[in-house]
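Worksheet: the structure to be examined is printed underneath.
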Amino acid sequence: MSKQDSLQSVLNEACELVRKSARGKDRTIAVSPEVADMLSRVQRRTAPKSTPTFSRGRIPSDIQDLDALEQYVSSCDACPLAATRTRIVFGSGNPHAKLVFVGEAPGAEEDRQGKPFVGRAGQLLTDIIEKGMKLERSEVYICNVLKCRPPENRNPLSSEIEACEPYLIRQLEIMRPKAICALGTYAAQTLLKTTETIGRLRGRWHFYHGIPLRATYHPAYLLRNPADKRKTWDDVLEVLKVYNGEVTPSP
Ligand code: SF4
């Protein structure tokens, strides 16, 4: 019998003795403060240790890897986007990635292929990762806040974000990357629980459950506003320093 099982057994016997003593009386037992303290210490020592988690939400607790989570999400109908999607866009890349990029929502091409960032904006993100950071796209992980495409690529509704966010939370909880790069307003505001604009959020470190997070412009925005590519490159360079272990931002 393990030490913990022995303690649990002693505690059970003590409880049974207390129950027997209380039978037929007013169901209360007076114990000295020393005994009360000792019993509470035994209870604390025998209580199962809980694993720190970000959030459990409605996702079954036995889902502990990305494949199982993707399988679960593939039948999700928690918001009206389930009715208009072709397929979910869960995420792609290295499931053990040290760096995770989080965008907003799938577009038309992503919805068709079931992969994130495969259109023009996706090509720009690939260029940032491969030509700029000199990493393989397959080394990092890429996903979105929403797993289904909003019709006509409209902005996500707050009700949709609320319904879908548990999946993103669980993805990040499973991977626990070294750094997160939030792409655009919706990703940054969802992860940081803020209403600040991306212009104010970028350019400095934030923390998501202790994980360093850099917010920067979404590649789709950069296609329309190429003058801001320089700022995104500055953000990405800071992310790269953390990825390479050259810098460890502290909260
Ligand atoms: S967007 Fe998210 S919450 Fe809505 S149906 Fe798709 S997977 Fe479910």
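Could you grab the pairs with beta carbons closer than 7 Å, sequence gap of 6+ or different chains, first residue in the stretch 74-86 and over 16 Å from E165 (Cβ atoms), second one modelled with pLDDT of 95 or more and within 8 Å of the ligand (Cβ to nearest atom)? Filtered contacts from the stretch 74-86: S74/I88; R85/C148. The residues of the stretch 36-85 that are polar (S, T, N, Q) and either modelled with pLDDT of 95 or more or within 16 Å of the ligand (Cβ to nearest atom) (or both), listed by number, are S55, Q71, S74, S75, T84. When you look at I129, is it more than 12 Å from the ligand (Cβ to nearest atom), of a type in the set (A, V, I, L, M) and under 30 Å from P251 (Cβ atoms), yes or no? Yes, satisfied. Annotation note: Cβ proximity below 6 Å between a residue of the stretch 157-179 that is closer than 27 Å to E238 by Cβ and more than 16 Å from the ligand (Cβ to nearest atom) and a residue that is aromatic (F, W, Y) and modelled with pLDDT under 95 (sequence gap 6+ or interchain) occurs for E173/F54. Among the residues of the stretch 129-147, at least one is within 22 Å of the chain's Cα centre (by Cα) and more than 27 Å from Q64 (Cβ to Cβ).
So, in the stretch 209-233, exactly how many residues are modelled with pLDDT under 95 and either buried (at least 17 other Cβ atoms within 10 Å of the Cβ) or in contact with a Gly (Cβ under 9 Å, 6 or more places away or on another chain) (or both)? Break it down stepwise before answering.
Step one: of the stretch 209-233, the residues modelled with pLDDT under 95 are 209-210.
From what's left, either buried (at least 17 other Cβ atoms within 10 Å of the Cβ) or in contact with a Gly (Cβ under 9 Å, 6 or more places away or on another chain) (or both): none.
Result for the stretch 209-233: 0.
Checking each residue in the stretch 167-188 for being in a helix (DSSP H, G or I) and either surrounded by 20 or more Cβ atoms within 10 Å (Cβ to Cβ) or aliphatic (A, V, I, L, M) (or both) picks out Y167, L168, I169, R170, Q171, L172, I174, M175, T185, Y186, A187, A188. Within the stretch 127-149, residues that are in contact (Cβ under 8 Å) with a residue 60 or more places away in the chain reach partners that are crowded, with 20+ Cβ neighbours inside 10 Å and part of a strand (DSSP E or B) with beta carbons closer than 8 Å, at six or more positions or on different chains, in the pairs L135/L99.
Note on the stretch 86-96: among residues that are surrounded by 20 or more Cβ atoms within 10 Å (Cβ to Cβ) and within 12 Å of the ligand (Cβ to nearest atom), the one that is farthest from P219 (Cα to Cα) is I88.
When you scan the stretch 144-153, how many residues do you find that are at pLDDT 95 or above and out of contact with any helix residue (DSSP H, G or I) (no Cβ under 6 Å at 6 or more places or on another chain)?
Start the filter on the stretch 144-153 by keeping residues that are at pLDDT 95 or above, which leaves 144-151.
Retained after the next criterion (residues that are out of contact with any helix residue (DSSP H, G or I) (no Cβ under 6 Å at 6 or more places or on another chain)): 144, 150-151.
Total satisfying the criteria: 3.
Report yes if Q189 is at pLDDT 95 or above, within 14 Å of the ligand (Cβ to nearest atom) and of a type in the set (S, T, N, Q), otherwise no. So Q189 fails the test. Within the stretch 97-136, the only residue that satisfies the criterion of being surrounded by fewer than 16 Cβ atoms within 10 Å (Cβ to Cβ) and either hydrophobic (A, V, I, L, M, F, W, C) or in a strand (DSSP E or B) (or both) is A108.
The values are calculated or read from the model by the stated rules, or taken from the named source; none is laboratory data. Since the model is a prediction, treat every value here as computed from it, not as a measurement. Quick reminder, even Gly has a Cβ in these numbers, built from the backbone with ideal geometry, and neighbours come from all protein chains shown.
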